[in-house]
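See below for the structure under consideration.
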Amino acid sequence: MRTYKLHLIRHGMTEGNVNGQYIGVTDISITTNGIIELNDLREKGIYPKCGLVFSSPMIRATETAKIIFPDQDIIINDNLREIDFGEFEGKTADELKDREDYTKWVSGELAAAPGGEATIEFATRLCTGIGQIVRRMMDEEVYSAGVVMHGGAIMTLLSVAAVPRRRMAQWACGNGRGYTIRITPSLYQKSGILEVIGEIPDGEANLITGKQKEIMQ
């Protein structure tokens, strides 16, 4: 049976990443240094050839997709957009550390940031988006696709649907990096399982530490 590969790639560096802000629905571009880094990674040949390229509708994602896949049309999938951080949008962990609702949200006691999107709704939306992509690949008989999305989206998706099983923070990846997943139709249709089979770049340790682990949008 033919399998399908999806290459999940986090968008390039933004000022929000640099500043450690929670940036979800705020539509910002990648930085000049982010553009330079993506071009360098592309020139090194780390990105796989893809029959289709999908992207979150956010500017930082579409800009990234156009840089690393310059010769292909970019297909927008609204379900790949980042989570809405509500009242925490644009703020840093240091700015929020004294808020009781922030502490409860970080610990998992609150399902959503005040005025924001619940994590379970976010995860469900992401799984729906991946399902739409897989169906299109099957319909068009395309076996490799690029998917440009957000750090938090990659972490959330893989923590709920991927094997091997890992905690969310263990799926963190750097800007312009990501993971390759394999879809086996019979397994996927039965259980929705995504098999992580590689890193982008191949063999590079994608896990990161410190403040970047906290702010992965």
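Read-outs: derived from the displayed coordinates by stated rules, not from any lab. The model shown is predicted, which means the values in this text are computed figures rather than measured ones. Methodologically, a virtual Cβ is constructed for each residue, glycine included, from the backbone with ideal geometry; neighbour enumeration extends over all protein chains shown.
Around the Cα centre of the chain, unit charges on the Cβ atoms of Lys, Arg, Asp and Glu (plus for the first two, minus for the last two) sum to a dipole of about 800 debye.
Under 5 Å between amide hydrogens, built in the peptide plane, is the criterion, and for Gly198 it picks out Thr180 among residues at least 5 positions away or on other chains. Helix-only arithmetic for the chain: the sum of -39500 (n - 2.57) across DSSP H runs with n ≥ 4, divided by the residue total, places the mean residue ellipticity at 222 nm at -11000 deg cm²/dmol. Going from the residue with the fewest nearby Cβ atoms within 10 Å to the one with the most, Val196, Val163 rank Val163, Val196. For Arg177, the residues whose modelled amide H falls within less than 5 Å of its own, excluding neighbours fewer than 5 places apart on the same chain, are Arg10. Residues whose amide H comes within less than 5 Å of that of Phe54, counting only those at least five positions distant or on another chain, are Ile75, Gly146, Val147, Val148 (H built at 1.01 Å from N in the peptide plane).
Modelled this way, with points 7 Å down the Cα-to-C-beta line, the labels at Arg166 and Asp73 are 3.4 nm from one another. DSSP beta bridges confined to the chain are antiparallel in about 45 percent of cases. Each residue, Ile36 and Ala93, gets one label point 7 Å from its Cα in the Cβ direction; the gap between the two is 2.7 nm. Working note: Cα atoms of region 1-89, range along each principal axis, descending, whole Å: 46, 30, 20. Semi-axes of the equivalent ellipsoid of region 64-140 are 33, 16, 8 Å, computed as sqrt(5λ) over the eigenvalues of the C-alpha gyration tensor in descending order. Neighbour counts of other Cβ atoms within 10 Å put Thr14, Thr92, Thr32 in the fewest-to-most order Thr32, Thr92, Thr14.
Each of Leu157, Leu6 was scored by other Cβ atoms within 10 Å of its Cβ. Arranged with the fewest first, they read Leu6, Leu157. Is there a quick way to get the dipole size of region 76-172? I mean about its Cα centre, with the Cβ of Lys and Arg at +1 and of Asp and Glu at -1; what is the value in debye to the nearest 20? Dipole about the Cα centre, nearest 20: 460 debye. The percentage of C-alpha pairs in the chain whose separation is greater than 27 Å is 27%.
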